[in-house]
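One structure below.
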Amino acid sequence: MTDISPAARQVLDRLNRTLPKAAFRPLGPAYLEEPRGAYIGHACAVVAPDTVEGVAEVVRAAADLSVPVVPYGGGTGLVGGQVMADGPAPLLLSLERMTAIRSLDVPSGVLVAEAGAILQDVQDAARDAGLLFPLSLAAQGSCRIGGNLATNAGGVNVLRYGNARDLCLGLEAVLPDGSIWHGLSALRKDNTGYDLRNLLIGSEGTLGVITAASLRLFPKPRAEATAIFVVPDPQAALNLLALTRAEVGEAISAFELMSQQGLEFLAETMPQVRQPFDAPPAWSVLVELGFTGPGDPEEALATIFEAAFERDLVSDGRIALSDGQRAEFWTLRESIPEANKKIGAISSHDVSVPLAALPDFIARGDEVIAALGPFRVNCFGHLGDGNLHYNVFPPMGEARETYKDRKGAIMRAVHDLVHEFDGSVSAEHGIGRLKVDDLQRYGDPARLAALRAIKRALDPRGIMNPGAVLAAE
C-alpha cells in the first residue's frame, strides 16, 4: 500500500470537506500502469472533479502544501507522462468526469469540449453537425481531448490538418497556483502578447491542467477515396507523395508508409485482418484523398497510379471500390501497432526526420540495427509529415525478454541516428518520463534553459507532474 505523506493527508482532508463524494475514485491498477507495462506508478488518491472550479480547488490545496499533482486523461500515453513512480506519492487528478460538449457553433466551425471528452465522442458530435474534427488516433475510443492537447497528439491526418495544436483555438485551464485561465476564445487572430494556449499545449501537464478547449471543425469531404500502392522503396514512396501533391494539391488526407515486416507480423498474429496482396510487398503506402469541391477522388487515384507506374514508382495497387473495402484498408494500417504488441518489441521509437532525409535514414537505420544483432525492424508511419514508428524486435522465435538488456543500446543508437539527421526523438508521443534524458542529451542548450525558466516561473513549487518532460530540480 502506498505511504501517504502528512502533507497529502492534509490535502485529502481538505478536499473531503470541499468536494462531493463522487469526486473520489477507487485507486486501482488502471490508473497506475501505462499501456506497454513499462511504468508502474503510485498515488495517494484519485480525485476526479466535474467542474473547473473543482479542479482549481484540488490544485490550490496541493499547491498550498507542495503535494505533487499528476493530471490524468485516458491513460493511453506511451511515454510514461501519466505515471509517476518516484518521489512522494502524488495526487492523481483525473478529468474523466468532465466529458461535456459545451457548445457547437456550425457557422463558425467551433466546438467547445471539456478535457475529459473522449476523442471519438468529439468526432461524432462534429459529424452529427455535418462537420469534421480531423484528429484521428488508434486510441480514439479511449483517449481524451485534454490529453491529446497536453501531448500535442498527431495521428494519420497531420499531413492535411496539422497536429492537435493546429486544431485548437483556445483553452480553459487551471494554472499551478490554482487560478483559472478563461481562454476559450473562438478567435482565429489574437495578437495580444505571449501565447499561453500554445505554451500549455504539449506541456504534458507540467504547466497546468487543461479543463476545456475550443476546437476547429472543418467541412466534411464531399467524396473520399483510399488506395494501397506497392512501391519499390521509401524513396519511391516519397516521389509518389510529390506526384500526388502535384495532382491533387492539399486534398491528401493521409499518406501512410507500411513495410513488409509489419504486414508479416499482422499475418502471423492477426490472420483475420485481410491483406490486399497475396504476399506482403517490401514497401507499400496507403493513400487517402478527400475532395470538398468538384472531381472524383477515385479517378484521381487511378490517374496517379498510371503516372506513377510509368515512372516506376509503383508496381501494383488496389483502389477501394466501396466503403467496406476502405474500412478494410484502414483496419490493415491501424492493426499494425497491435500486431507489434503481440510480437513484443525490444525497443519502440517515435521519431521524425526531414522528408528529404527519410530514405537515407531508413537505410542507415537498417545498418545500425544489423550491427547490434540479428534483430527485426518494423518501420512504418506517417510518411507525409516525416513521422516514423521505428520499432526493433527479437529474431524470429525468440522472446524480447532475452534481449531486454539491449534495449538501452538500441534506443541510444536509433536516437543518435535521428539526431545526426536533424530529426526529433519524439514526433508525436511527447517526452513523458521515458525521454527526459533524451531531451537533455539532444536538446538545444538555450532552449532547455528557456524551458526550465518557464517551468520555474509558472510552477515555482514544482508540483505539476514532476519528473515529466524536464528532470525535477
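The values are calculated or read from the model by the stated rules, or taken from the named source; none is laboratory data. Being a predicted model, the structure only gives us computed values, none of them experimental. We place every Cβ from the backbone using ideal geometry, glycine too, and count neighbours over all the protein chains shown. These area figures cover heavy atoms from the full protein model, side chains too; ligands, DNA and RNA do not enter into them. Shrake-Rupley method; radii C 1.70, N 1.55, O 1.52, S 1.80 Å.
If you bin all the Cα-Cα distances of the stretch 21-81 at 10 Å, starting from zero, the percentages per bin are 20, 49, 29, 3. Considering only Gly75, Ser94, Val351, the residue lying farthest towards the positive end of the dipole of the chain is Ser94, judged by Cα position with unit charges set on Cβ. Basic side chains Lys and Arg get +1 at the Cβ, acidic Asp and Glu get -1 at the Cβ, and with that the dipole of the stretch 315-448 about its Cα centre reaches some 400 debye. Summed over the residues of the chain and divided among them, the accessible surface reaches 43 Å² per residue at a probe radius of 1.4 Å. Along the axis of the charge dipole computed for the chain (Cβ charges of +1 for Lys and Arg, -1 for Asp and Glu, origin at the Cα centre), the listed residues Val47, Pro276, Ile319 are led at the positive end by Val47. Mind jotting down the distance between the C-alpha centroids of the stretch 387-442 and the stretch 217-236, whole Å? The two parts, judged by their Cα centres, are 28 Å apart.
Amide H contacts of Ala45 (H built 1.01 Å from N, in plane; Pro and chain starts excluded): Leu92 sit under 5 Å, all sequence-distant by 5 or more or on other chains.
For the stretch 145-249, what does the equivalent ellipsoid look like in terms of its semi-axes, each the square root of 5 times an eigenvalue of the Cα gyration tensor, given largest first in whole Å? Don't skip to the answer; put the middle values down first.
Working: eigenvalues 252, 49, 29 Å².
In descending order, the three semi-axes are 35, 16, 12 Å.
The mean sequence distance of close C-alpha pairs (under 8 Å, at least 6 residues apart), as a share of the length of the stretch 19-81, puts its relative contact order at 39 percent.
Rounded if a/c is under 1.5, else prolate if a/b is larger than b/c, else oblate: which is the stretch 1-143, with a ≥ b ≥ c the root eigenvalues of its Cα gyration tensor? Walk me through the numbers before you get to the answer.
Values: a/c = 2.94, a/b = 1.61, b/c = 1.83.
Oblate is the answer for the stretch 1-143, as a/c is 1.5 or above yet b/c matches or exceeds a/b.
Where the centre of each part is set by its Cα atoms, how far does the stretch 368-383 sit from the stretch 76-134, in angstrom? Going from one Cα centre to the other spans 34 Å.
Kirkwood hydrodynamic radius (Cα pairs, Å) of the stretch 92-213? Don't skip to the answer; put the middle values down first.
Working: mean 1/r = 0.0691 Å⁻¹.
In the stretch 92-213 this quantity evaluates to 14.5 Å.
Within the same chain, lysines fewer than 8 places from Lys189 are excluded, and of the rest, those with a Cα less than 28 Å from its Cα are Lys220, Lys455. Debye sum, Cα scatterers, the stretch 266-418, no solvent: what log₁₀ I/I(0) at q = 0.10 1/Å? Log-scaled intensity ratios, in q order: -0.44.
Its Cα centre serving as origin, the stretch 45-138 has a Cβ charge dipole (Lys and Arg +1, Asp and Glu -1) of approximately 120 debye. Rolling a 1.4 angstrom probe over the stretch 86-156 with all protein chains present gives an accessible area of which 50% lies on carbon and sulfur atoms. Carbon-plus-sulfur fraction of the accessible area of the stretch 383-473, 1.4 Å probe, in percent? The C+S portion of the solvent-accessible surface of the stretch 383-473 is 52 percent.
At q = 0.10, 0.11, 0.14 Å⁻¹ the log10 of I(q)/I(0) for the stretch 339-473 amounts to -0.38, -0.45, -0.70, computed by Debye summation with a single uniform scatterer per C-alpha, solvent ignored. By DSSP, the beta bridges lying fully in the chain are antiparallel in about 90 percent of cases. Counted over the chain with a bin width of 10 Å, the fraction of Cα pairs per bin, in whole percents, is 4, 19, 28, 26, 16, 5, 1, 0. What aspartates and glutamates sit close enough to Lys342 to cross-link, taking a C-alpha to C-alpha distance under 19 Å and skipping anything fewer than 8 places away on the same chain? Cross-link targets: Glu33, Glu34, Glu264, Glu268, Glu334, Asp350, Glu398, Glu401. Under 27 Å of direct C-alpha separation, and excluding same-chain neighbours fewer than eight residues apart, Lys341 reaches these lysines: Lys404, Lys407, Lys435. For the stretch 359-399, would you read off the P(r) tail past 16 Å as a percentage of all alpha carbon pairs? The calculated P(r) of the stretch 359-399 puts 37 percent of pairs beyond 16 Å. Only the Cβ atoms of Lys and Arg (+1) and of Asp and Glu (-1) were treated as charged; on that basis the dipole of the stretch 250-396 about its Cα centre amounts to roughly 600 debye. Compactness of the stretch 223-310, taken as the C-alpha radius of gyration over 2.2 N^0.38 Å, stands at 1.14.
Averaging the sequence gap over all C-alpha pairs within less than 8 Å and six or more residues apart, then dividing by the number of residues, gives the chain a relative contact order of 15 percent.
Selection among Leu217, Val231, Ala246 by position relative to the dipole of the stretch 212-261 gives Leu217 as farthest towards the positive end (Cβ unit charges, Cα centre). Counting Cα-Cα pairs of the stretch 69-145 in 10 Å increments starting at 0 gives whole-percent bin shares of 18, 43, 26, 11, 3.
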